[in-house]
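Asks: I'd like to ask you about the structure that follows.
The values are calculated or read from the model by the stated rules, or taken from the named source; none is laboratory data. Every value quoted in this text rests on a predicted model; they were computed, and no experiment measured them. Neighbour counts are summed over all protein chains in view; Cβ atoms, including those assigned to glycine, are modelled from backbone coordinates with ideal geometry.
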Number of protein chains: 2
Amino acid sequence: MAIKQQTSRKAAGTGAAIRRPQTRAANDRTLGDAGDDIGLDALVGHAGYVVRRFQLWIFQDFVKTLATVDIRPTQYSVMTVIGANPGLSQMAVAKRLGIERARLVHLLDSLEERAFVSRIPSATDRRSHALHLTGRGKTALAQFKRLAAEHERHVADKIGKENREQLLRILACFT
Amino acid sequence: MAIKQQTSRKAAGTGAAIRRPQTRAANDRTLGDAGDDIGLDALVGHAGYVVRRFQLWIFQDFVKTLATVDIRPTQYSVMTVIGANPGLSQMAVAKRLGIERARLVHLLDSLEERAFVSRIPSATDRRSHALHLTGRGKTALAQFKRLAAEHERHVADKIGKENREQLLRILACFT
DNA sequence: GAAAGATTGTTGTTGACGACAACAATTGAT
DNA sequence: ATCAATTGTTGTCGTCAACAACAATCTTTC
């Protein structure tokens, strides 16, 4: 019953010992133990499951690493895109990041409240706003990027430096 | 104005032309960045962003592929774990899948309504339930697995067969 | 054996998030 | 001038993770 220890990073045997399709002889786990040696069996080999777990971990680490500045991943991505492409419209930013323009409204509201970005009325199109970082936003983003780089190092520590780069290469088509 | 050109230039593309890590010469942004080598699209190189986009795509494809049986990824994972390890408690399933036990309650409610799983009172612990698949649940899960395999082929078609396997290998520590 | 503490299932709330629908203002096309 | 499309905005709905609290039930400790 000392199995209370949560999933303690069995990173040693990474790929091994997954091959046991019907080894459910030890089936009468009488519920008292809540054992952690539960075979995922069929779930291993599903990309969606492992990606979900990874995304959860990576977001939590991002939020934790940038907790001091109170910036969440989506906010960071918005500021990054605006910083790299000043003057973009909300529609362009939303399309670029794959988020709804309806959602971007609140995102920008919060960022504008904190004086990180500003919606400047476009001169050519009175419907749209040209998004810019404020001076405060630029210096803030610089700090965010340093923290984000630290978070990225956490990722590298977790899955390995070259594995991280492989991952970025594999999923580059979703950028 | 140059703003509109920037928007129209970048808005459309969702893929293509990512291979320029440090070719940021043509970037006329006035933002003095933090010395970090973040290129034109600073989000390239962030694992969290690309994983989020990928997870979104993969979940949508899963839901679409299993739309005829009305099963979502989380429901599928729950049924898979129960099917592979009959008699687990809710706590054990929740811990194994990394979901809150509070959330699992509603998950199991819906699955029990459809007569896929059943909560059998544990004989040894009157607090907990032993989770089992019903006969209907077993045959249903077999069909779900076939559809999930089809979804997995979609993933392979999207990112490449060997890339998918690499991905599973890299992220195996999150299983 | 009884009190204290921990666990299990449950209910509820909060907030982030994606999807969708509608709307006013504005722009572009016919 | 008229009609369709776009942009920002507001709103709702459903999913999901994270917490907090609770009653019932073990488990531990004295």
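Asks: For the range B:66-78, how many residues meet the condition of being surrounded by 17 or more Cβ atoms within 10 Å (Cβ to Cβ) and either closer than 18 Å to A:Phe174 by Cβ or of a type in the set (D, E, K, R) (or both)?
Replies: 1
Asks: Out of everything in the range A:121-136 that is touching a residue at least 24 places away in the same chain (Cβ under 8 Å) and outside any strand (DSSP E or B), what residue ends up being farthest from A:Arg146 (Cα to Cα)?
Replies: Across the range A:121-136, the extreme among qualifying residues is A:Asp125.
Asks: Right, another one. Across the range B:71-98, what is the total count of residues that are farther than 15 Å from B:Arg119 by Cα and within 10 Å of chain A (Cβ to nearest Cβ)?
Replies: Adding up the residues that qualify gives 10.
Asks: Return only the number of the condition from (1) modelled with pLDDT under 95; (2) in contact with a Lys or Arg (Cβ under 6 Å, 6 or more places away or on another chain) that B:Cys173 does not satisfy.
Replies: Only one criterion in (1) modelled with pLDDT under 95; (2) in contact with a Lys or Arg (Cβ under 6 Å, 6 or more places away or on another chain) is unmet by B:Cys173, namely (2).
Asks: Here's another thing I want to ask about it. Say whether the condition of being crowded, with 17+ Cβ neighbours inside 10 Å, more than 14 Å from DNA strand C (Cβ to nearest atom) and more than 30 Å from B:Ala172 (Cα to Cα) is met by at least one residue in the range A:90-100.
Replies: yes
Asks: Go through the range A:82-106 residue by residue and tally those that are assigned to a helix (DSSP H, G or I), under 16 Å from the mean Cα position of the chain (by Cα) and away from DNA strand D (no atom under 13 Å from the Cβ).
Replies: So the count comes out to 0.
Asks: Go through the range B:121-133 and give me each residue that's touching a strand residue (DSSP E or B) at 6+ places or on another chain (Cβ under 9 Å), more than 10 Å from chain A (Cβ to nearest Cβ) and exposed (fewer than 12 other Cβ atoms within 10 Å of the Cβ).
Replies: Of everything in the range B:121-133, just one residue is touching a strand residue (DSSP E or B) at 6+ places or on another chain (Cβ under 9 Å), more than 10 Å from chain A (Cβ to nearest Cβ) and exposed (fewer than 12 other Cβ atoms within 10 Å of the Cβ), namely B:Pro121.
Asks: Sticking with this one: Is it the case, given these coordinates, that B:Arg169 is farther than 19 Å from B:Val63 by Cβ, within 12 Å of another protein chain (Cβ to nearest Cβ) and within 16 Å of DNA strand D (Cβ to nearest atom)?
Replies: no
Asks: Further question: How many residues are over 16 Å from the mean Cα position of the chain (by Cα), over 21 Å from A:Val78 (Cα atoms) and either crowded, with 17+ Cβ neighbours inside 10 Å or among the β-branched types (Val, Ile, Thr) (or both) when one looks only at the range A:134-171?
Replies: 3
Asks: From the list B:Ser110, B:Ser118, exactly one residue is part of a helix (DSSP H, G or I), within 16 Å of DNA strand C (Cβ to nearest atom), more than 11 Å from every other protein chain (Cβ to nearest Cβ) and of a type outside the set (Phe, Trp, Tyr). Which is it?
Replies: None of the others qualify; the one that does is B:Ser110.
Asks: Of B:Leu88, B:Leu141, B:Leu131, B:Leu104, which residue is modelled with pLDDT of 95 or more and either basic (Lys, Arg) or in contact with a Gly (Cβ under 6 Å, 6 or more places away or on another chain) (or both)?
Replies: Matching residue, one of B:Leu88, B:Leu141, B:Leu131, B:Leu104: B:Leu141.
Asks: What single numbered condition from (1) under 18 Å from the mean Cα position of the chain (by Cα); (2) facing chain B (nearest Cβ under 8 Å) fails to hold for A:Thr68?
Replies: Unmet condition: (2).
Asks: I'm trying to understand the selection: among the residues of the range A:56-65, which are within 13 Å of DNA strand D (Cβ to nearest atom) and surrounded by fewer than 21 Cβ atoms within 10 Å (Cβ to Cβ)?
Replies: A:Leu56, A:Trp57, A:Phe59, A:Gln60, A:Asp61, A:Val63, A:Lys64, listed by residue number.
Asks: Mind listing whichever residues of the range A:134-166 are closer than 19 Å to A:Leu97 by Cβ and within 16 Å of DNA strand D (Cβ to nearest atom)?
Replies: A:His151
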